[in-house]
Amino acid sequence: MSAYSIFALARNALSGHRNWPRAWRSPALCGSYDIAIVGAGGHGLATAYYLARRHGLRNILVVDKGWIGGGNTGRNTVTIRANYLREPSIRLHAEGLRMWREMSGELGFNAMFSERGQIDLIQTWAKLRDVKRRQSILHLAGVPFDILTPREAQAHVPILDLDGPKRLPILAATWHPTAGVARHDAVAWGYARAADALGIDIVQNCEVTAIRRQGGRVAGIETTQGFVAVPKVALAVSAHASVLAQTADVRLPIETVPLQAFVSAPLKPMLSCIVNCPGAVYLSQSDKGELVIGGGSDPVPSYVQRGEFAVLERVVSNLVELFPVLSRVGLLRQWAGAIDLCHDTSPIVSKSPVEGLYLNVGWGSGGFKAIPAGGAAFADLVATDAPSAAIEAFALARFERGRPLYETAGASNRD
Amino acid sequence: MQLVPCPHCGPREQGEFVCLGEAPAHPVSHESLARHLYGRVNAKGVSVELWWHRHGCRQWLRLPRDSATNRFAP
C-alpha cells in the first residue's frame with residue numbers, strides 16, 4: 001500500500017491524477033476462510049482491521065450484500081461522544097474518543113475527525129436530574145461534561161433563541177467538549193484500505209442468506225455466490241441482525257426501526273459545535289455548510305429506510321422553535337437508516353449460544369461513534385474467544401441474568 | 001410472629017420478610033423466560049402486531065403488517 005502524502009499528491013498531479021492505485025482489491029470469493037465477517041460497514045471493516053493488526057490473523061473474509069459503508073455507516077449524523085450513563089458504555093466510548101483522535105494517522109487516511117464539543121439543551125426537570133447524575137458518573141470516569149446556564153450555552157451557540165416563546169423553557173445546558181464529528185465514508189474507506197493492505201478479502205455485492213449450523217456450531221455461510229466453509233462467523237449487520245441470527249436459530253432482543261436524518265441547503269459557518277436537545281432535535285454543521293439534522297427514532301418498527309413524515313414534521317418544528325433564524329432554510333435531502341434497537345438500548349458484543357457465531361449488533365442509534373472501540377473489542381472477542389473486561393457487560397446473556405443495561409443517552413431514548 | 005427458615009441467613013424473624021403469597025410452580029428456565037420477555041422475531045416481512053387505537057375506539061387490534069414495505073396485509 002503506497003501511503004497518501006503531499007509527495008504522492010504532487011507526483012500524481014504531474015500525471016493528471018490518472019495513475020492513483022486502487023484503494024483496495026476486488027477479490028473473488030473463496031470456498032473457505034478462518035473467519036467471515038458479515039457486513040462491510042464501519043464495524044465489520046474495523047473488526048477485520050484489528051483482527052489483522054492486533055492478532056496477526058489474515059485469512060479473513062468481509063462480505064456485504066451492498067457496497068462498503070453503504071448501510072448505516074453512510075446514513076448516520078456522525079456524532080461522536082462519550083456522555084453516556086452506564087459505566088461500561090462510558091469506558092468504551094471514552095476509549096473510542098481516544099482512538100478517533102489517532103485514527104487518521106494510524107490508517108493513513110483522513111477521517112476528518114473534528115473535536116468540536118457538544119451542547120445539550122435541557123428542557124425538563126427529569127432530564128436535568130438525569131444529566132446531573134450523568135455528570136457525576138462521567139466525572140468519576142474522567143470524561144469532561146459540565147452543566148451550563150442557558151446564557152453560557154448561547155455563548156457556544158449564538159443562533160440559539162432564548163427570548164421567544166417556547167413550549168418548554170430551556171432550564172440548563174450541558175457541555176461535552178471532547179465530542180466531535182467525522183467524515184462517515186472516510187472511516188469505512190480508511191479501515192477498508194488498511195484491512196485490504198493486510199491481506200483481508202473484502203467481497204461486495206454478495207449477500208449472506210443464511211448461517212449454516214452443524215449441531216451446536218457454525219459450519220459456514222450460504223451466500224448468493226455459493227457456500228463458504230468457515231468456523232467463525234462474526235455478525236456486524238445492524239438492521240438485519242435478527243434475520244441472519246435466526247437462520248442459526250438464535251433469537252435476539254432487537255427490533256428494527258427507522259432513524260431518520262436530513263440536511264439543509266449549505267449555509268455560511270454558523271454553528272461551531274454539535275447541539276442536541278434530547279428527544280426533540282439535534283444538529284451540527286458539515287464542512288460543506290449543510291446543517292445535518294436528526295431527531296428520535298420512528299415509533300413503528302420497519303426495515304424501510306425512509307422514515308415517516310410525522311417525525312420529520314415534529315423534529316423540524318422543534319428545530320424552528322429553538323432556532324427561529326432557520327425558519328426559512330430549505331431542506332435538501334431526507335433519508336432513514338434501519339437501526340437495530342436493542343431492548344435496553346445498549347449494544348450486544350458477545351458470543352452467541354451457537355459456537356463460532358459472534359454478535360456485534362444492537363448498536364441502535366449509536367453505532368457510528370463506536371466503530372473503532374467496538375470493532376477493536378469485537379476483534380479481541382473473535383480472536384481469543386473470551387470477552388475482554390470492556391465488553392463483558394454487553395453480553396447477550398445479560399438478559400437471562402436479569403442484568404440489562406438500560407441507557408438514557410441515545411437518540412432513540414424517550415423521556 | 002414466626003421464624004422463617006432462610007436458606008442463606010438461617011432462621012430469621014418474620015418482620016425481615018415480605019410474604020408474596022402462594023408460589024406458582026417454577027414456570028420456566030431463565031433462558032426461556034428471557035426469550036419470552038425480550039426475544040423478538042423482528043421479521044423482515046409480514047408479522048402480526050398489536051396496535052392500540054388510542055385516539056379512536058380505544059380497542060386493541062391484532063393486525064398483520066409487512067415491515068419490508070410498511071403495508072398492512074389484507
Cross-chain or 6+ apart pairs with Cβ under 8 Å, segment B:52-67 first and more than 30 Å from A:His240 (Cβ to Cβ), then surrounded by 10 or more Cβ atoms within 10 Å (Cβ to Cβ):
B:His53/B:Leu61; B:Arg58/B:Trp52; B:Gln59/B:Trp52; B:Gln59/B:His53
Looking only at segment A:278-302, count how many residues are of a type in the set (Val, Ile, Thr), crowded, with 18+ Cβ neighbours inside 10 Å and part of a loop (DSSP other than H, G, I, E, B).
0
Filter segment A:391-415 for residues that are aliphatic (A, V, I, L, M) and under 29 Å from A:Gly295 (Cα atoms) and give the result.
A:Ile391, A:Ala393, A:Ala395, A:Leu396, A:Leu405, A:Ala409, A:Ala411
Only one of A:Asp163, A:Asp130 is assigned by TED's automatic domain parsing to the domain that holds A:Val275, modelled with pLDDT under 95 and crowded, with 18+ Cβ neighbours inside 10 Å; which?
A:Asp130
Selection from segment B:25-40 of residues that are closer than 20 Å to A:Pro301 by Cβ and more than 7 Å from chain A (Cβ to nearest Cβ)
B:His36, B:Leu37
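Inside segment A:303-323, can you point out the residues that are aromatic (Phe, Trp, Tyr) and either surrounded by fewer than 20 Cβ atoms within 10 Å (Cβ to Cβ) or in the same structural domain as A:Asn72 (by TED's automatic domain parsing) (or both)?
Answer for segment A:303-323, where residues must be aromatic (Phe, Trp, Tyr) and either surrounded by fewer than 20 Cβ atoms within 10 Å (Cβ to Cβ) or in the same structural domain as A:Asn72 (by TED's automatic domain parsing) (or both): just A:Phe309.
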I'm trying to understand the selection: among the residues of segment A:89-127, which are in a helix (DSSP H, G or I) and of a type in the set (S, T, N, Q)?
A:Ser89, A:Ser104
Scan segment A:133-151 for residues that are buried (at least 21 other Cβ atoms within 10 Å of the Cβ) and either among the β-branched types (Val, Ile, Thr) or outside any helix (DSSP H, G or I) (or both) and jot them down.
A:Val143, A:Phe145
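Yes/no matrix, rows are residues, columns are (1) away from chain B (no Cβ under 12 Å); (2) at pLDDT 95 or above; (3) within 22 Å of the chain's Cα centre (by Cα):
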position	(1), (2), (3)
A:Glu255	no, yes, yes
A:Leu259	yes, yes, yes
A:Ser272	yes, yes, yes
A:Gly279	yes, no, yes
Matching residues, segment A:73-88, being assigned to a helix (DSSP H, G or I) and closer than 12 Å to A:Ser346 by Cα
A:Glu87, A:Pro88
Positions within segment B:1-51 being acidic (Asp, Glu) and either within 30 Å of A:Glu255 (Cα to Cα) or touching a residue at least 24 places away in the same chain (Cβ under 8 Å) (or both), in sequence order:
B:Glu31, B:Glu49
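Residues in segment B:33-52: is at least one more than 30 Å from B:Asn70 (Cβ to Cβ) and among the small types (Gly, Ala, Ser)?
no
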Suppose we filter segment A:29-56 for residues that are open to solvent by 60 Å² or more (accessible area, probe 1.4 Å) and in contact with a strand residue (DSSP E or B) (Cβ under 8 Å, 6 or more places away or on another chain); how many remain?
3
Check off (1) within 26 Å of the chain's Cα centre (by Cα); (2) surrounded by 22 or more Cβ atoms within 10 Å (Cβ to Cβ); (3) among the hydrophobic types (A, V, I, L, M, F, W, C); (4) not assigned by TED's automatic domain parsing to the domain that holds A:Leu61 for A:Trp175 and give me the number that stays unchecked.
(2)
Exception for B:Thr69 within (1) more than 27 Å from the chain's Cα centre (by Cα); (2) more than 11 Å from chain A (Cβ to nearest Cβ) falls at (2)
Take the residues of segment A:380-408 that are among the hydroxyl-bearing types (Ser, Thr, Tyr) and loosely packed, with under 15 Cβ neighbours inside 10 Å: which is nearest to the other protein chains (Cβ to nearest Cβ)?
A:Tyr406
Which one of A:Gly216, A:Gly199 is in contact (Cβ under 8 Å) with a residue 24 or more places away in the chain, touching a strand residue (DSSP E or B) at 6+ places or on another chain (Cβ under 7 Å) and open to solvent by 30 Å² or more (accessible area, probe 1.4 Å)?
A:Gly216
If I filter segment A:225-264 down to residues being without any contact (Cβ under 8 Å) to a residue 40 or more places away in the chain and assigned to a loop (DSSP other than H, G, I, E, B), which single residue comes out as most open to solvent (accessible area, probe 1.4 Å)?
A:Arg251
If a residue has to be surrounded by 10 or more Cβ atoms within 10 Å (Cβ to Cβ) and within 30 Å of A:Ser352 (Cα to Cα) to count, how many in segment B:1-55 make the cut?
22
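The values are calculated or read from the model by the stated rules, or taken from the named source; none is laboratory data. Not measured: the values here are computed from a predicted model. In this analysis, Cβ positions are derived from the backbone assuming ideal geometry, glycine residues included, and neighbour counts consider all displayed protein chains. Heads up: the accessible areas ignore ligands, DNA and RNA and are worked out on the full protein's heavy atoms, side chains in. Shrake-Rupley method; radii C 1.70, N 1.55, O 1.52, S 1.80 Å.
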